[in-house]
């Protein structure tokens, strides 16, 4: 029997029978033809095999945003000073609202605001209801499993908001975590996660709208609110009967960022570059002076 490697080169084996030789030749060239055809076919289809995955990896909502001239931005509108839906004007206001408008101008597009809640914030990104979300959103490992988040632009920490008349009653978070004390918290965000992790004795009262919690403290429906120190200081400054407890010594440290779809690297890269420019141009400082120090 002629070895396969010799069969590919008829000059390297001896043929004794003409008819048999013709059969061998036909077989040899048919084999060569099939091999070359298979190789050519593989080369042709190889770039297209899995090409759908390649296209998906290259596609970005950034391309659509630039093409359509609109960026969809989700925000809760209930977290001062970062995002607040003014009930009189019906317009969003705040630190991150101004920042988002700067972002849109840098892109050369218009904003389409999309209302969301803390409980549905991540789902809004994964369901493609909006391109990014803004408004004092904490960077957490849990969120980063499902969505992308920009580099940090602001640092906060949790602290209590209480009645000023309770200054002698509450000196720390441990004082608040007592039986009979009621803590108000809005569902779905890092405030709820923090309260459920650190408070074991106090009663947790869920309040759907974050903006309603301070008034419930004033009316004695609840005794305290755990929120980021920047919000606690702002609210206490607006209400003489409320008090931010130890805002300069927060219980933890969190960083805020802007959200994107998890696998949209092009959009995330652009936003990270924009955040960097905002920092070096001190535009975040301008927003801080307007919304935090006012």
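Peptides 69-77, 194-202 ranked from most to least packed, by the mean per-residue count of other Cβ atoms within 10 Å: 69-77, 194-202.
Fully extending the segment from residue 167 to residue 120 would add 13.4 nm, taking 0.36 nm per residue of separation and subtracting the current Cα-Cα distance. Between residue 249 and residue 110, the modelled label-to-label distance comes to 5.2 nm, taking each label 7 Å out from Cα in the direction of the beta carbon. Based on the Cβ-Cβ distance of residue 279 and residue 64, what FRET efficiency does E = 1/(1 + (r/R0)^6) give at R0 = 22 Å, to the nearest 0.05? Once rounded, the FRET efficiency stands at 0.20.
With viscosity 1.567 mPa s and temperature 4 °C, the Kirkwood radius over alpha carbon pairs of region 89-134 converts through Stokes-Einstein to a diffusion coefficient of 111 µm²/s.
Working ranking of peptides 247-255, 95-103, 80-88 by packing, defined as the average number of other Cβ atoms within 10 Å per residue, highest first, is 95-103, 80-88, 247-255.
The length gained on full extension between residue 101 and residue 128, counted as 0.36 nm times the residue separation minus their Cα-Cα distance, comes to 7.7 nm.
Size descriptors for region 128-214 (Cα atoms only): Rg and Dmax, in that order, 15.4, 49 Å.
Per-peptide packing, taken as the mean over residues of other Cβ atoms within 10 Å, places 129-142, 158-171 in the sequence 129-142, 158-171 from highest down.
Each reported figure results from applying straightforward, stated rules to the coordinates on display, with no laboratory input. All values reported here derive from a predicted model rather than from experimental measurement. Glycine also receives a Cβ, built like all others from the backbone with ideal geometry; neighbour counts cover every protein chain displayed.
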